[in-house]
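**Student:** Below are the structure tokens for one structure; questions will follow.
The values are calculated or read from the model by the stated rules, or taken from the named source; none is laboratory data. Because the structure is predicted, anything quoted here is derived from the model rather than measured. All Cβ positions, even for glycine, are placed from backbone atoms using ideal geometry, and neighbour counts span all protein chains on display.
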Amino acid sequence: MVLDMQSQLQTEQAEKSRLQQQLDYLREQWQLLVQKRFGASSEGLPGQGELFNELEDALEPTADEVAADQTVTYTRKKPRRPRIDESLPREEVLHDIADEDKVCDCCGHDLHRMGEEISEELEFIPATSRVVRHVRPKYSCRACEKHGTQTAVKIAPVEPSILPKSIATPSLLAQIISAKFQFGLPLYRQEAMFKQYGIELSRQTMSRWMLTVSDKLRPLYQRMHDILLKQPALWADETTLNVLDVDKSKCYMWVYGCGTDKPRPDKSPNIVLYDYQDGRGGAHPAAFLADYCGPLQVDGYQGYEQTGARLAGCWAHARRKFIEAKTVQGKGKSGKADQALSFIQKLYGVEQKIKDDCPAQKQEKRTDLAQPVMDKLKTWLDKSALQVNPQSLLGKAIHYTLKQWDKLQVYLHDGHVNIDNNRAERAIKPFVIGRKAWLFSNSRGGAQASAILYSMVETAKANGLMPVDYLMMLFEQLPLLDDGDDLDPLLPWQINADKNGQSN
């Protein structure tokens, strides 16, 4: 009887423990949803980017250290006037007093000009349109006409054009493409905008133009693709896309690239290439990356395992899961999630210190400064994994980090690799923002054209060019080239474009 009662008690305790874990899980999910719905979306932490002096001290952060990480000092910023570019043309308006007032009120002597006060206002002139009429005089021989002799009529050749027999000029095409793919303005809104200026330009016409233009840009896109595969390190990401004529609920736009958001001092290329595919299978990145076997920075998606690349993990994804776990701890409370975030902050602190170093220096300093932190964090994760419910948000964060551990260490041994994949997320963001406006693509061809045009716009931005100026230059130069001509002078990182769109 005692054994039966003991067995029954153990069963009840196990059931109670199971129900308590389920309750804790539901409570965490509710708190997380509340945070996502009403809380701040920033993942930044107080003190992020700072390099702590105690990198080789205690195994776990102390309570004082964790509390210090949570202390935030808010300072109110002084409002400042908007900065006006010095290169903008300026029109000077003189506001002077009348000549009869230029005498002293006390003694009557003439006043002298002792200085001046200058203030500036910014005037905006709306875009203007004009029609360019191309007139080609035709010439014939009257003497031959009198004698009935046939003679050839002479006329100047038609100027090369990116869209022959079309009213579209390079500037108009560049404006339409930039408005949609840089600023997310759908074609139906552009149609309404043009109508206000007395221009009847239907969205169907603009869509056909973009399909044709994207086909003309495909060789340049392929050249960028070839150069991309030769780079020392790449990154990738993907997001969903709704395509109406594809019998699937979700299609995907993939993005691949190298480099940073801004031109690099060593003039290395910054490339951003989009690639549309009907699905999310690993065969798609494997085909796009072909024989590339260098480091590829990605999130935890298993599909990238099919590539031949050496996958590098993303510490931002690992940190995000610990931030979610911190959210459900309760406001003002500290716990294990804070300890993990403190370690990760130290890793980011190292990156802040070495951000301007060359790849070789980065690798050396990461070995000296970040490797000890990684070793301590690994010990802490192994220990905490045995103490935390694996179904909780904290448990999931710990097990995700341990599962990705080998990939998360890749950046330590290669200075070309970043600590996270945030560059890829920033590259995919313009597409995601634009998708909220135009919602879907009608066809595969439209989605593939969008991939090429997005690639041109984002690669131009990454190399410090104004997309509208770069596109205008492309549409002027491409018709002048013959098949087989070298396209490298048209690559964004190999041209010089000033702010007025002129190129050399």
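**Student:** Kindly list, by first and then second residue, each pair from a residue in the stretch 143-170 that is more than 23 Å from T205 (Cα to Cα) to a residue that is charged (D, E, K, R), limited to pairs with Cβ atoms under 9 Å and residues at least 6 apart or on different chains.
**Tutor:** Between residues of the stretch 143-170 that are more than 23 Å from T205 (Cα to Cα) and residues that are charged (D, E, K, R), the close pairs are T151/E145; V153/K138; K154/K138; I155/R136; I155/K138; A156/R136; P157/R136.
**Student:** Let me ask you something else. Condition first: in the same structural domain as Q231 (by TED's automatic domain parsing) and acidic (D, E). Can you find one or more residues in the stretch 313-332 that meet it?
**Tutor:** No, the stretch 313-332 contains no residue that is in the same structural domain as Q231 (by TED's automatic domain parsing) and acidic (D, E).
**Student:** Check whether at least one residue in the stretch 439-447 is crowded, with 20+ Cβ neighbours inside 10 Å, in contact with a Phe, Trp or Tyr (Cβ under 8 Å, 6 or more places away or on another chain), touching a residue at least 40 places away in the same chain (Cβ under 8 Å) and in a helix (DSSP H, G or I), and report yes or no.
**Tutor:** Yes, that holds for at least one residue.
**Student:** Answer yes or no as to whether P489 is free of Cβ contacts under 8 Å to residues at least 24 places away in the same chain, part of a helix (DSSP H, G or I), on the phi < 0 side of the Ramachandran plot and of a type outside the set (S, T, Y).
**Tutor:** Here the answer is yes, as P489 does meet what is asked.
**Student:** Could you list, in sequence order, the residues of the stretch 257-269 that are touching a residue at least 40 places away in the same chain (Cβ under 8 Å) and crowded, with 23+ Cβ neighbours inside 10 Å?
**Tutor:** G257, G259
**Student:** Please specify each residue of the stretch 230-256 satisfying the condition of being surrounded by fewer than 21 Cβ atoms within 10 Å (Cβ to Cβ), closer than 25 Å to P467 by Cα and β-branched (V, I, T).
**Tutor:** Within the stretch 230-256, T239, T240 qualify.
**Student:** To continue, here is another question. Inspect all residues belonging to the stretch 105-113 and state whether any of them is in contact (Cβ under 8 Å) with a residue 24 or more places away in the chain and either exposed (fewer than 11 other Cβ atoms within 10 Å of the Cβ) or outside the structural domain of S455 (by TED's automatic domain parsing) (or both).
**Tutor:** There is no residue in the stretch 105-113 that is in contact (Cβ under 8 Å) with a residue 24 or more places away in the chain and either exposed (fewer than 11 other Cβ atoms within 10 Å of the Cβ) or outside the structural domain of S455 (by TED's automatic domain parsing) (or both).
**Student:** Moving on. Out of L228, L234, report the one residue that is among the aliphatic types (A, V, I, L, M), farther than 20 Å from I177 by Cβ and without any contact (Cβ under 8 Å) to a residue 60 or more places away in the chain.
**Tutor:** L228
**Student:** Further, regarding this structure: Looking at the stretch 129-142, which of its residues are without any contact (Cβ under 8 Å) to a residue 12 or more places away in the chain and either surrounded by 12 or more Cβ atoms within 10 Å (Cβ to Cβ) or within 22 Å of K195 (Cα to Cα) (or both)?
**Tutor:** Correct list: R130, V131, R133, C141.
**Student:** I need the full set of residues from the stretch 260-296 which are under 16 Å from G464 (Cα atoms) and in a loop (DSSP other than H, G, I, E, B), in order please.
**Tutor:** T260, D261, K262, P263, R264, P265, D266, K267, S268, P269, N270
**Student:** Looking only at the stretch 302-319, which residues are within 14 Å of D237 (Cβ to Cβ) and either of a type outside the set (G, A, S) or in a helix (DSSP H, G or I) (or both)?
**Tutor:** Listed by number, the residues that qualify are G303, Y304, T307, L311, C314, A316, H317.
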